[in-house]
Amino acid sequence: MKDLQSLFLEEFSAISVGELLTAVLLSFLLGLFIVAVYRATYTGVLFQKSFALGLVLLSMVTSLVILTISSNVVLSLGMVGALSIVRFRTAVKEPMDTIFMFWAIVAGIITGAGYVPVAIIATLLIGILFLALSFAGVRFHSGAYLAVVRYDEAADENVNSALRLLPKYKLRSKNMVGGAFEMVLELKLTEAQMKQVEALRSVEGVQEVDLLSYNGGTTL
């Protein structure tokens, strides 16, 4: 028992103030960089500042945890046991949010472990490559759109005839409200083909035609 205790005591090393400040400040700066990349590439409807601030805090807390448990084997074993019983129930709706959370955690782990150059270079490299990939995706847009067509019930046959002239499309929904139809179509269009959709406005009985850019996955 004494040998085991002495082994644990030998593994213990005091954390200097310099190491603590380096871990906290560097993880804070890296967290801010991750938030900047997240903000620049965000494509959702409502940007949540609380989630962005949470990424910074997540990086800082992770670096402190790694810095602490790396100095004591006993504490590291206890931390593993404590974290194993924690269950997080907050639902993450966007897959990219999960990826950014994992990125913040990894940045905190590398910083807390003391690999400062690796943390800086890896975080900057991932951010630059992700920005380049994201902006390239914007330039090479897939051309997916949602067309919302509202028309009178009596014009149903005329609208269906006009739809046969459109490029390949998928009917997403068709609802009837108060004697009028509302149809949602998913299409892949070029700039020249968009005029064919706009021509639906001239069909007798059509009240309104809205064309929306669609960033989600397409099944066409």
Give the residues of the stretch 187-209 that are modelled with pLDDT under 80 and of a type in the set (D, E), sorted by residue number.
E191, E198
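Let me confirm something: among L133, L146, which residue is under 16 Å from the mean Cα position of the chain (by Cα) and at pLDDT 60 or above? Steps first, answer last, please.
Values: L146 fails: under 16 Å from the mean Cα position of the chain (by Cα).
None of the other options fit; the residue is L133.
Mind listing whichever residues of the stretch 156-184 are of a type outside the set (S, T, Y) and within 14 Å of A199 (Cβ to Cβ)? Steps first, please.
In the first step, residues of the stretch 156-184 are kept if they are of a type outside the set (S, T, Y); the result is 156-160, 162-168, 170-172, 174-184.
Once the filter is applied, which keeps residues that are of a type outside the set (S, T, Y) and within 14 Å of A199 (Cβ to Cβ), the stretch 156-184 yields N158, V159, A162, L163, R164, L165, L166, P167.
Would it be correct to say that L57 is assigned to a helix (DSSP H, G or I), at pLDDT below 60, surrounded by fewer than 17 Cβ atoms within 10 Å (Cβ to Cβ) and aliphatic (A, V, I, L, M)?
Working: assigned to a helix (DSSP H, G or I): yes; at pLDDT below 60: no; surrounded by fewer than 17 Cβ atoms within 10 Å (Cβ to Cβ): yes; aliphatic (A, V, I, L, M): yes.
Against the criterion (assigned to a helix (DSSP H, G or I), at pLDDT below 60, surrounded by fewer than 17 Cβ atoms within 10 Å (Cβ to Cβ) and aliphatic (A, V, I, L, M)), L57 does not qualify.
The values are calculated or read from the model by the stated rules, or taken from the named source; none is laboratory data. All of these numbers come straight from a predicted model, not from anything done at the bench. Quick reminder, even Gly has a Cβ in these numbers, built from the backbone with ideal geometry, and neighbours come from all protein chains shown.
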